[in-house]
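Chemist: Below you will find the structure I want to go over with you.
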Amino acid sequence: MAELARHVVGNDARTKRSVLSGHVQGVGWRPFVYRLAREQGLTGRVRNQLGEVEVIASGSSVALRKFERDLIDQSPPLSRPGIDSIDRIEYENFREFEISESSAAADARIFVPQDFFMCDDCRQELNDPADRRYRYPFINCTQCGPRYTLIEALPYDRPNTSMARFPLCADCNREYLDPADRRFHAEPVACPACGPQLSFFNKEDASTVLADEALDAALAKLRDGHIIAVKGIGGYHLMCDARDFSTVDDLRWRKHRPAKPLAVMFPLKGEDGLDYVRRYADLAPEEAGLLVSAGRPIVLTTKNGNNDLARNVATSLSEIGAFLPYSPLHALLLEEFGSPLVATSANISGEPVLTENLEVEARLSGVVDAFLHHNRPIVRPADDPVYRRIAGGMRPIRIGRGCAPGEIAMPWQQQQPLLAVGGHMKGTVALSWDKRVVVSPHIGEMDSPRSLAVFEQVAQDLQDLYGVQASRIVCDAHPGYTTHRWARERELPVETAWHHAAHASAVAAECGLSGQSLVFTWDGVGFGEDSTLWGGEALLGSPGAWQRVCSLRTFRLPGGDRAGREPWRSAAAMHWACDKEWAGCPDSDGLAYAAWTRNFNCVETSAAGRVFDAAAALILGKTHVSFEAEGPMQLESLCKQPAASAHLPLEKDPAGIWRGDWRPLLRIMKDDCRSPALRAEIFHSSMAHLLLDQAMAVRDEYGVTQVGLSGGVFQNRVLTEQAVELLQAEGFEVCLPTILPVNDAALSYGQAAEIAARDANG
């Protein structure tokens, strides 16, 4: 380096200070800068400072310009850097280029790194008998491994992680301290001599084995047709042979999950790792690309039917949730098992995924036959993300490990940090300050003590990690939501956002919609401004200033929340509202009808989700379901092509709201002369055309041309793609989120956008 530095002579010698932010920590950025600077003959230093990286480099003007370009162009694959500033400073003649200790800057732009899959280099070492980390389930480097789930504080250094309890051996320490090594400051670095270890607990004989024996015992248990709980990066999976109908059925019975689809993990095979997946699914290019991306999400793919996968993995559905091994432990299990494994979240239904060894044994003792543990603590849970291809893009259904916490820009500057606590279903938390919003991974349904405990932990962790303490809270306006009550119990000021306004603001803010937009917010439940349950709405305006301009014809729904698991109630109520009879109504004792006639325990609703439930009950006989949207999902699976639509009348009510009338659908949905598939196709097409009719009516009245789609109903690919196609054909600009789900997981971000816009607009 000293010899190279001598090339800088005369007035051409200069020193520049660069500050970079973005995803530049936990991704091998500093060693990258170190190697780049040395290759280009520069001297100076690089250091972390809580979310930013400071680079001071001395050399020739030509070398410095090239260095500045290469910092971006050649950055590590997991990084997403941005240059905040480059300034010439007083020349300093450094002896060499070095990596300095991290600095705690008070005004830093912190980015909490996400968890990443095992990189190819580590995978090669994992399978190399000559390597000291051969078959070591916790192999990692600067380009892969856990981050978010083991960080206890920032800056992201080993003493601030759950790996601090594993002192490095001499060999690992040498790698950790060598700037030229791939494991330089790879904070979770470890090896069999100094790192975490596996343990296998067999319930049958209460025996425990460790390390390699634990892995072998787990594989033997899987081969014998048993169900095991496996501790991964963000929590446990329940795993079993995905080809064994009997074992899968046993898992469903034990977990009380009779029909909900189960995710399947496939072995890596072939040049792109997807050969095994292609045996079981027809992969679109976008799906293939996402399966092998750094986040390694679950991707909903179309089953090809030409395989030995147990048919009860995804009962009555045309898709399968496929994903690849993302941790070295999963890779070892799948490679040595040699065929797909069910890998579904180990949790009590609706709760966050379990993370603690003793807790999972206590709470899932009746579900699994054995437990594959390890002793690396999971600081906070992160469930697997789920994506689906809809309307030409890969859309998130659930955000989690590898893609969250995720940051989304906010169009408005905020004066006070805000904590947005979301809704009741598919819970997430958002921390918002300046023009930044960070959204947490999926938490779960907020109706259990564990969900609330994880919610509180995540809410506090986000504030602690980013060094931003909220000075106010925003919650859903529904007073019965757990998150609403929790917010009211804090000592901070509380603001509320209407459920569907938050949906509309989420898509408007994410997609950068300017001016007035029309956003359809179709879902199953949402407390409306008139104290009815909305869910078939279209809102006109912009964040902080929405007005309802469209809705569906309302009906009185008996049984309240029971309607979600008993779709017959929606079908029956729609009949009763029309003075019609339904011969197949399960209300044999007449109690529901009696309650309906007396308006006892009934709520008025316009929810599109409930209309879809009714369609599934009438077309498929799905009068009772075991999970949310089970009936509509099966209904969608029947659709093969668009059908002619029924005309659904559109009328403006006295309040000036365009009401879509679903009544003509009742006869069609019960018409046994048509096949269930044809009836399903007509239903979807009719709802898509109704949406178009409403959009055109609003455009004629207000001139709006931007349309957004938000709400869980738009996870339905058949409906959404037909609606998008119809709208675009009529000249509308259609916006559908790609970063956050359209479902209630986006509410926290939408709530933050609502309040920020209100503040900005006075």
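Chemist: Tell me which residues, restricted to the range 168-208, are of a type in the set (S, T, N, Q) and under 27 Å from Tyr34 (Cα atoms). Can you show your working first?
Modeler: If we filter the range 168-208 for residues that are of a type in the set (S, T, N, Q), which is where we start, we get 173, 197, 199, 202, 207-208.
Within the range 168-208, just Asn173 meets the criteria.
Chemist: When Gln547 is evaluated against the numbered criteria (1) without any contact (Cβ under 8 Å) to a residue 12 or more places away in the chain; (2) of a type outside the set (A, V, I, L, M); (3) in a helix (DSSP H, G or I); (4) within 26 Å of Ala760 (Cβ to Cβ), which criterion, by number, is the only one it fails?
Modeler: For Gln547, the failing item is (3).
Chemist: Determine whether Glu213 is exposed (fewer than 14 other Cβ atoms within 10 Å of the Cβ) and touching a strand residue (DSSP E or B) at 6+ places or on another chain (Cβ under 8 Å).
Modeler: Working: exposed (fewer than 14 other Cβ atoms within 10 Å of the Cβ): yes; touching a strand residue (DSSP E or B) at 6+ places or on another chain (Cβ under 8 Å): yes.
Yes, satisfied.
Chemist: Would you check which residues across the range 484-542 are of a type outside the set (Phe, Trp, Tyr), touching a His at 6+ places or on another chain (Cβ under 6 Å) and assigned to a loop (DSSP other than H, G, I, E, B) and list them?
Modeler: Hit for the range 484-542 is Gly526, nothing else.
Chemist: When the residues of the range 443-483 are narrowed to those that are among the hydrophobic types (A, V, I, L, M, F, W, C) and in a helix (DSSP H, G or I), which ends up surrounded by the fewest Cβ atoms within 10 Å (Cβ to Cβ)? Please lay out each step first, then the result.
Modeler: Going residue by residue through the range 443-483, those that are among the hydrophobic types (A, V, I, L, M, F, W, C) are 443, 446, 452-455, 458-459, 462, 465, 468, 470, 473-475, 477.
If we keep only those that are in a helix (DSSP H, G or I) too, we end up with 452-455, 458-459, 462, 465.
Values: Leu452: 18, Ala453: 12, Val454: 24, Phe455: 23, Val458: 22, Ala459: 23, Leu462: 21, Leu465: 22.
My answer is Ala453.
Chemist: Another question, if that's okay. Could you list all residues from the range 1-23 that are assigned to a loop (DSSP other than H, G, I, E, B) and at pLDDT below 75? Step through it out loud before you land on a result.
Modeler: So in the range 1-23, the residues assigned to a loop (DSSP other than H, G, I, E, B) come out as 1, 6-9, 13.
Matches in the range 1-23: Met1, Arg6, His7, Val8, Val9.
Chemist: Go through (1) closer than 23 Å to Ser349 by Cβ; (2) modelled with pLDDT under 95 and name the single condition Phe600 misses.
Modeler: Checking Phe600 against (1) closer than 23 Å to Ser349 by Cβ; (2) modelled with pLDDT under 95, the one that fails is (1).
Chemist: Any residue at all in the range 55-68 that's of a type in the set (A, V, I, L, M, F, W, C), touching a strand residue (DSSP E or B) at 6+ places or on another chain (Cβ under 7 Å), at pLDDT below 80 and crowded, with 18+ Cβ neighbours inside 10 Å?
Modeler: Pass one, the range 55-68, residues of a type in the set (A, V, I, L, M, F, W, C): 55-57, 62-64, 67.
Subsequent filtering for residues that are touching a strand residue (DSSP E or B) at 6+ places or on another chain (Cβ under 7 Å) retains 55-57, 64, 67.
Applying the additional criterion that residues be at pLDDT below 80 yields none.
Checked the range 55-68: no residue is of a type in the set (A, V, I, L, M, F, W, C), touching a strand residue (DSSP E or B) at 6+ places or on another chain (Cβ under 7 Å), at pLDDT below 80 and crowded, with 18+ Cβ neighbours inside 10 Å.
Chemist: Next question, about the same structure. Filter the range 129-155 down to the residues that are more than 19 Å from His374 (Cα to Cα) and free of Cβ contacts under 8 Å to residues at least 40 places away in the same chain, then identify the one that is surrounded by the most Cβ atoms within 10 Å (Cβ to Cβ).
Modeler: Asp131
Chemist: Can I ask one more? Looking at the range 726-756, which of its residues are among the β-branched types (Val, Ile, Thr), buried (at least 22 other Cβ atoms within 10 Å of the Cβ) and farther than 16 Å from Val429 by Cβ?
Modeler: Going through the range 726-756, the residues among the β-branched types (Val, Ile, Thr) turn out to be 734, 738-739, 742, 755.
Right, trim to buried (at least 22 other Cβ atoms within 10 Å of the Cβ) and you get 742, 755.
Correct list: Val742 only.
Chemist: If you go through the range 234-254 one residue at a time, do you hit one that is assigned to a loop (DSSP other than H, G, I, E, B) and within 22 Å of the chain's Cα centre (by Cα)?
Modeler: To start, the set of residues in the range 234-254 that are assigned to a loop (DSSP other than H, G, I, E, B) comprises 234-235, 242-244.
Restricting the remaining residues to those that are within 22 Å of the chain's Cα centre (by Cα) gives 234-235.
Looking for residues that are assigned to a loop (DSSP other than H, G, I, E, B) and within 22 Å of the chain's Cα centre (by Cα), one finds at least one in the range 234-254, hence yes.
Chemist: Tell me, please, whether a residue that is over 19 Å from Asp224 (Cβ atoms) and β-branched (Val, Ile, Thr) can be found in the range 336-343.
Modeler: The first filter runs over the range 336-343 and keeps only residues over 19 Å from Asp224 (Cβ atoms), leaving none.
Checked the range 336-343: no residue is over 19 Å from Asp224 (Cβ atoms) and β-branched (Val, Ile, Thr).
Chemist: Further, regarding this structure: Arg553: among the basic types (Lys, Arg), modelled with pLDDT under 95 and surrounded by fewer than 21 Cβ atoms within 10 Å (Cβ to Cβ), yes or no? Before you say what the answer is, go through the steps one by one.
Modeler: Details: among the basic types (Lys, Arg): yes; modelled with pLDDT under 95: no; surrounded by fewer than 21 Cβ atoms within 10 Å (Cβ to Cβ): yes.
Answer is no for this residue.
Chemist: Do you know which residues across the range 460-476 are out of contact with any helix residue (DSSP H, G or I) (no Cβ under 7 Å at 6 or more places or on another chain) and hydrophobic (A, V, I, L, M, F, W, C)? I'd like the intermediate steps shown before the answer.
Modeler: Within the range 460-476, the subset out of contact with any helix residue (DSSP H, G or I) (no Cβ under 7 Å at 6 or more places or on another chain) is 460-468, 471-472.
Leu462, Leu465, Val468 - these are the residues of the range 460-476 that are out of contact with any helix residue (DSSP H, G or I) (no Cβ under 7 Å at 6 or more places or on another chain) and hydrophobic (A, V, I, L, M, F, W, C).
Chemist: Would you be able to say whether some residue in the range 400-409 is touching a helix residue (DSSP H, G or I) at 6+ places or on another chain (Cβ under 7 Å), in a loop (DSSP other than H, G, I, E, B), under 28 Å from Tyr236 (Cα atoms) and of a type in the set (A, V, I, L, M)?
Modeler: There is no residue in the range 400-409 that is touching a helix residue (DSSP H, G or I) at 6+ places or on another chain (Cβ under 7 Å), in a loop (DSSP other than H, G, I, E, B), under 28 Å from Tyr236 (Cα atoms) and of a type in the set (A, V, I, L, M).
Chemist: Here is a list of conditions, (1) in a loop (DSSP other than H, G, I, E, B); (2) within 25 Å of Gly400 (Cα to Cα); (3) among the charged types (D, E, K, R), and Asp128 meets all of them except one; can you say which number that is?
Modeler: All conditions are met except number (2).
Chemist: Residues in the range 642-660 that are surrounded by 13 or more Cβ atoms within 10 Å (Cβ to Cβ) and either at pLDDT below 95 or within 17 Å of Leu618 (Cβ to Cβ) (or both): how many? It would help to see each step written out before you state the result.
Modeler: Filtering the range 642-660 down to residues surrounded by 13 or more Cβ atoms within 10 Å (Cβ to Cβ) leaves 642-643, 645-646, 648-650, 652, 657-660.
Those still in the list that are either at pLDDT below 95 or within 17 Å of Leu618 (Cβ to Cβ) (or both) too: 642-643, 645-646, 648.
So the count comes out to 5.
Chemist: Could you check the range 333-350 and list, in sequence order, the residues that are surrounded by 22 or more Cβ atoms within 10 Å (Cβ to Cβ) and more than 18 Å from Leu309 (Cβ to Cβ)? If you could, list the steps in order and put the result at the bottom.
Modeler: Step one: of the range 333-350, the residues surrounded by 22 or more Cβ atoms within 10 Å (Cβ to Cβ) are 333-334, 340-347.
The answer is Ser345, Ala346, Asn347.
Chemist: Additional query: Could you run through the range 574-594 and say how many residues are without any contact (Cβ under 8 Å) to a residue 40 or more places away in the chain, closer than 28 Å to Glu529 by Cα and crowded, with 18+ Cβ neighbours inside 10 Å?
Modeler: Residues that pass the stated criteria total 2.
Chemist: Determine whether the range 691-710 contains at least one residue that is of a type in the set (Val, Ile, Thr), in a helix (DSSP H, G or I) and surrounded by 24 or more Cβ atoms within 10 Å (Cβ to Cβ).
Modeler: Residues of the range 691-710 of a type in the set (Val, Ile, Thr): 698, 704-705, 707.
Filter once more, keeping what is in a helix (DSSP H, G or I): 698.
Those left that are additionally surrounded by 24 or more Cβ atoms within 10 Å (Cβ to Cβ): none.
No - not one qualifying residue is present in the range 691-710.
Chemist: Is the range 33-40 home to any residue that is more than 23 Å from Arg183 (Cβ to Cβ) and either touching a strand residue (DSSP E or B) at 6+ places or on another chain (Cβ under 9 Å) or crowded, with 18+ Cβ neighbours inside 10 Å (or both)?
Modeler: Looking through the range 33-40, at least one residue is more than 23 Å from Arg183 (Cβ to Cβ) and either touching a strand residue (DSSP E or B) at 6+ places or on another chain (Cβ under 9 Å) or crowded, with 18+ Cβ neighbours inside 10 Å (or both).
Chemist: Something else: Here are Gly270, Gly225, Gly234, Gly289: which of them is surrounded by 18 or more Cβ atoms within 10 Å (Cβ to Cβ) and either outside the structural domain of Phe627 (by TED's automatic domain parsing) or without any contact (Cβ under 8 Å) to a residue 12 or more places away in the chain (or both)?
Modeler: On the way: Gly270 fails: surrounded by 18 or more Cβ atoms within 10 Å (Cβ to Cβ); Gly225 fails: surrounded by 18 or more Cβ atoms within 10 Å (Cβ to Cβ); Gly289 fails: surrounded by 18 or more Cβ atoms within 10 Å (Cβ to Cβ).
Exactly one of Gly270, Gly225, Gly234, Gly289 is surrounded by 18 or more Cβ atoms within 10 Å (Cβ to Cβ) and either outside the structural domain of Phe627 (by TED's automatic domain parsing) or without any contact (Cβ under 8 Å) to a residue 12 or more places away in the chain (or both), namely Gly234.
Chemist: Scan Ala153, Ala164 and give me the residue that is farther than 22 Å from Pro267 by Cβ and over 26 Å from the mean Cα position of the chain (by Cα).
Modeler: On the way: Ala153 fails: over 26 Å from the mean Cα position of the chain (by Cα).
Within the list Ala153, Ala164, the selection yields Ala164.
Chemist: Please work out which residue is nearest to Gly524 (Cα to Cα), limiting yourself to the range 602-641 and to residues that are over 26 Å from the mean Cα position of the chain (by Cα) and surrounded by fewer than 17 Cβ atoms within 10 Å (Cβ to Cβ). I'd like the intermediate steps shown before the answer.
Modeler: Step one: filter the range 602-641 for residues over 26 Å from the mean Cα position of the chain (by Cα), giving 602-606, 611, 614-624, 638-641.
Pick out the ones that are also surrounded by fewer than 17 Cβ atoms within 10 Å (Cβ to Cβ) and you get 604, 621, 624, 640-641.
Values: Glu604: 13, Gly621: 19, His624: 16, Lys640: 25, Gln641: 25 Å.
Out of the qualifying residues, it is Glu604.
The values are calculated or read from the model by the stated rules, or taken from the named source; none is laboratory data. Everything numeric in this text was worked out from a predicted model, so none of it was measured. A quick note on method: Cβ atoms are made from the backbone with ideal geometry, for glycine too, and the neighbour counts reach across all protein chains shown.
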